[in-house]
Amino acid sequence: MSWSNWPAPAKLNLFLHITGRREDGYHCLETVFRLLDWGDTVRLRLRADADIRRANDVPGVSPDDDLTVRAARLLRRQSTQALPGVDIAVDKRIPMGGGLGGGSSDAATVLVALNCLWRLGLDVDALAALGLQLGADVPLFVRGRSAWAEGVGEQLTALELPPCSYVILDPHASVSTAELFRASELTRHATPATIRAFLRGEVTGNAFEPVVRKRCPPVAAALDWLDRFGSARLSGSGGCVFLETATRAEAERVAAQCPPAFTAFVADGVNVSALPAAVEKFGASRDNAPAGA
C-alpha cells in the first residue's frame, strides 16, 4: 500500500499560568493554545503483516518510547478485530523540546489518521480520551481547535481568535520540563483568570519564562532579541519564543533579520487546524471510491 500524508500542526501557548497543584502531584494550568498552519507531516503506510514500525530514526528516542508508536499500539488495543500493521514516518519541522507540541501533535495525528485507515469509527471524544493517556496536550491536537485550557491542559473550550501571524525563534537550547516544574522560584498559585479577561488583553505572561530566562541563557538571548520588535513570549515549557504580528509580511520582515544563533519560522495562527479537513478529505475519497475499491 502507498503512503498517506497527514498534517501534525504546531501550537503556541499565548499565556500560561499555574493556579495550584492537585493531590496526585500534577499542576493545575490555565493557558490558551493557538494552533498554527505549520508543523510536521506524519506519513503512514499499512502493512501486510501486523507489525507497527517506525520507518525513520529519531535521535535519542527509542521506538518503544516514541509517542507515535505508542499511539498506534494504544489505538489498536481498542479493537477486537485483526488489524494490519503500519509503518510510521514523521517529516519533522517542529523543534523537539521547543514547547510547540511536536511530539503530542504527531501522536494525535497517528490516532486520528489510523482511526480512518483502520476504519474503527471512534468519535473525537473517544480519541481525545485515548490521547490523554499519552500526554496532556494530545487532546488539543485530536480536536484540532484553538482553545482555552484548564486542568492539566485537557479541559478545552474552543476559541475564535482574530487572524495574526507569528515569528517563532528556535534558540537550539534544551529545556527540561520536569526541572522547570521542580524549580523553587516557579510561581504556582496564580489567581485564576477568565476567558473574557484574556480576550480583553488582561491575561498575559508565562509562569515558566522567568525560570527559563534565569537557567537557559540562549532562550534569554532569543527573548531579548525578539523584544526589540514587540512583546516576545515563551511558548509552553520549551525553548522556543515567539512574537505576534498583525500581518505575515511584518513577521517575515522580522524573521529575515534573525541572527545566525537562532532559527526563525513564520506561521499564521488558525482556529481550526488542517487535521479535521484531512479527515473529511479522506472520508470523501473513500465514499467516492468505486465499488470494491
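The values are calculated or read from the model by the stated rules, or taken from the named source; none is laboratory data. A quick note: this is a predicted structure, and the numbers were derived from the prediction, not measured. Ideal geometry is used to build each Cβ from the backbone, glycine not excepted, and the neighbour counts take in all protein chains shown.
Name the residue, out of LEU35, LEU67, LEU29, that is at pLDDT below 95 and either crowded, with 19+ Cβ neighbours inside 10 Å or in the same structural domain as VAL266 (by TED's automatic domain parsing) (or both).
LEU29
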Point to revise | Every residue from the stretch 53-64 that is in contact with a strand residue (DSSP E or B) (Cβ under 7 Å, 6 or more places away or on another chain) and exposed (fewer than 14 other Cβ atoms within 10 Å of the Cβ) | key: ALA55, ASN56
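Please pick out the residue among LEU122, LEU117, LEU132 that is outside the structural domain of ARG248 (by TED's automatic domain parsing), in contact with a Phe, Trp or Tyr (Cβ under 9 Å, 6 or more places away or on another chain) and surrounded by fewer than 23 Cβ atoms within 10 Å (Cβ to Cβ).
LEU117
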Exercise for review: Output the number of the condition that PRO84 fails; it satisfies all remaining conditions of (1) buried (at least 18 other Cβ atoms within 10 Å of the Cβ); (2) in contact with a Leu (Cβ under 6 Å, 6 or more places away or on another chain).
Suggested key: (1)
Check your understanding: Among the residues of the stretch 229-244, is there at least one that is over 20 Å from SER104 (Cβ atoms) and either in the same structural domain as LEU14 (by TED's automatic domain parsing) or in a strand (DSSP E or B) (or both)?
Key -> yes
Point to revise | Candidates ARG54, ARG45 - the one that is touching a residue at least 40 places away in the same chain (Cβ under 8 Å) and in the same structural domain as VAL138 (by TED's automatic domain parsing) | key: ARG45
Revision key, fill the gap. The lone condition LEU83 fails out of (1) farther than 19 Å from GLY153 by Cα; (2) free of Cβ contacts under 8 Å to residues at least 40 places away in the same chain; (3) not in a loop (DSSP other than H, G, I, E, B); (4) not polar (S, T, N, Q) is (3)
Check your understanding: Would you pick out the residues in the stretch 85-134 that are on the phi > 0 side of the Ramachandran plot and touching an Asp or Glu at 6+ places or on another chain (Cβ under 6 Å)?
Key -> GLY101
Check your understanding: Going by the conditions given, is ALA50 touching a Gly at 6+ places or on another chain (Cβ under 9 Å) and surrounded by fewer than 19 Cβ atoms within 10 Å (Cβ to Cβ)?
Key -> yes
**Study point:** Residues of the stretch 211-229 satisfying the condition of being more than 17 Å from GLY98 (Cβ to Cβ) and surrounded by fewer than 14 Cβ atoms within 10 Å (Cβ to Cβ)
**Key:** LYS214, ASP224, ASP227, ARG228
Revision key, fill the gap. By residue number, the members of the stretch 135-159 that are closer than 16 Å to PHE15 by Cα and not hydrophobic (A, V, I, L, M, F, W, C) are ASP137, SER146, GLU150, GLY151, GLY153, GLU154, GLN155, THR157
Point to revise | Residues of the stretch 91-102 satisfying the condition of being outside any loop (DSSP other than H, G, I, E, B) and surrounded by fewer than 24 Cβ atoms within 10 Å (Cβ to Cβ) | key: ASP91
Check your understanding: For residues in the stretch 184-210 being among the hydroxyl-bearing types (Ser, Thr, Tyr) and surrounded by 10 or more Cβ atoms within 10 Å (Cβ to Cβ), which is modelled with the lowest pLDDT?
Key -> THR187
Review point. Taking the stretch 181-218 on its own, how many of its residues are assigned to a helix (DSSP H, G or I) and not β-branched (Val, Ile, Thr)?
Key: 13
**Study point:** Sole exception among (1) more than 24 Å from GLU154 (Cβ to Cβ); (2) in contact with a Phe, Trp or Tyr (Cβ under 8 Å, 6 or more places away or on another chain) for PRO63, by number
**Key:** (2)
**Study point:** Only listed residue being over 27 Å from ARG22 (Cα atoms) and either in contact with a helix residue (DSSP H, G or I) (Cβ under 9 Å, 6 or more places away or on another chain) or not acidic (Asp, Glu) (or both), chosen from PRO171, PRO139, PRO192
**Key:** PRO171
